[in-house]
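Chemist: Please find one structure pasted underneath; my questions will follow.
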Amino acid sequence: MSATANAATATRATLSEKQLRILEYLSENADTQTYFKSRLIGDALDMSAKEVGTNMPAIQQGEFDVDVEKWGYSSSTTWKVTA
């Protein structure tokens, strides 16, 4: 296992249950979609948009298979996700 994979595993282990659910959702859907609204992620995962926004920084700062960037704020925060 590479050093990057070890770092990702260690970082993944520090995520909360909600953060893991968000990360899994983004990982599964990033191939077909690039932009995600907090509101729509929340709807899909039975969370509020605020819960999604509160938990996103941990995913942004971690070493995962997706890169997350805060993109816009109209009607709900939009996240640019690249796999």
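The values are calculated or read from the model by the stated rules, or taken from the named source; none is laboratory data. Keep in mind the model is a prediction, meaning the values are calculated, not measured. Every residue, glycine among them, receives a Cβ derived from its backbone with ideal geometry; neighbour counts consider all protein chains shown. The accessibility values were calculated without ligands, DNA or RNA, using every heavy atom of the protein model including side chains. Shrake-Rupley method; radii C 1.70, N 1.55, O 1.52, S 1.80 Å.
Chemist: Looking for something within 11 Å of the chain's Cα centre (by Cα), β-branched (Val, Ile, Thr) and loosely packed, with under 14 Cβ neighbours inside 10 Å - is there at least one such residue anywhere in the stretch 41-63?
Modeler: The answer is no, given that none of the residues of the stretch 41-63 is within 11 Å of the chain's Cα centre (by Cα), β-branched (Val, Ile, Thr) and loosely packed, with under 14 Cβ neighbours inside 10 Å.
Chemist: Check ALA44, ALA30 and return the single one that is of a type in the set (A, V, I, L, M, F, W, C) and under 18 Å from GLU17 (Cβ atoms).
Modeler: On the way: ALA30 fails: under 18 Å from GLU17 (Cβ atoms).
Exactly one residue qualifies, and that residue is ALA44.
Chemist: Looking only at the stretch 28-40, how many residues end up being open to solvent by 40 Å² or more (accessible area, probe 1.4 Å) and not in a helix (DSSP H, G or I)?
Modeler: Going through the stretch 28-40 one residue at a time, the tally reaches 6.
Chemist: So, one more: Could you grab me the full set of residues in the stretch 15-27 that are free of Cβ contacts under 8 Å to residues at least 12 places away in the same chain and surrounded by fewer than 11 Cβ atoms within 10 Å (Cβ to Cβ)? Steps first, please.
Modeler: Narrowing the stretch 15-27 to residues free of Cβ contacts under 8 Å to residues at least 12 places away in the same chain: 17, 20, 24.
GLU17 - this is the single residue of the stretch 15-27 that is free of Cβ contacts under 8 Å to residues at least 12 places away in the same chain and surrounded by fewer than 11 Cβ atoms within 10 Å (Cβ to Cβ).
Chemist: Across the stretch 67-83, what is the number of residues that are open to solvent by 60 Å² or more (accessible area, probe 1.4 Å) and in a strand (DSSP E or B)? Before you say what the answer is, go through the steps one by one.
Modeler: Our first condition is that a residue be open to solvent by 60 Å² or more (accessible area, probe 1.4 Å); within the stretch 67-83, this holds for 67, 69-71, 73-75, 83.
Restricting the remaining residues to those that are in a strand (DSSP E or B) gives 67, 69-71.
Final tally of qualifying residues: 4.
Chemist: Would you pick out the residues in the stretch 1-26 that are in a helix (DSSP H, G or I) and either charged (D, E, K, R) or at pLDDT 95 or above (or both)? Steps first, answer last, please.
Modeler: First, the residues of the stretch 1-26 that are in a helix (DSSP H, G or I): 3-13, 17-26.
Of everything in the stretch 1-26, those that are in a helix (DSSP H, G or I) and either charged (D, E, K, R) or at pLDDT 95 or above (or both) turn out to be ARG12, GLU17, LYS18, GLN19, LEU20, ARG21, ILE22, LEU23, GLU24, TYR25, LEU26.
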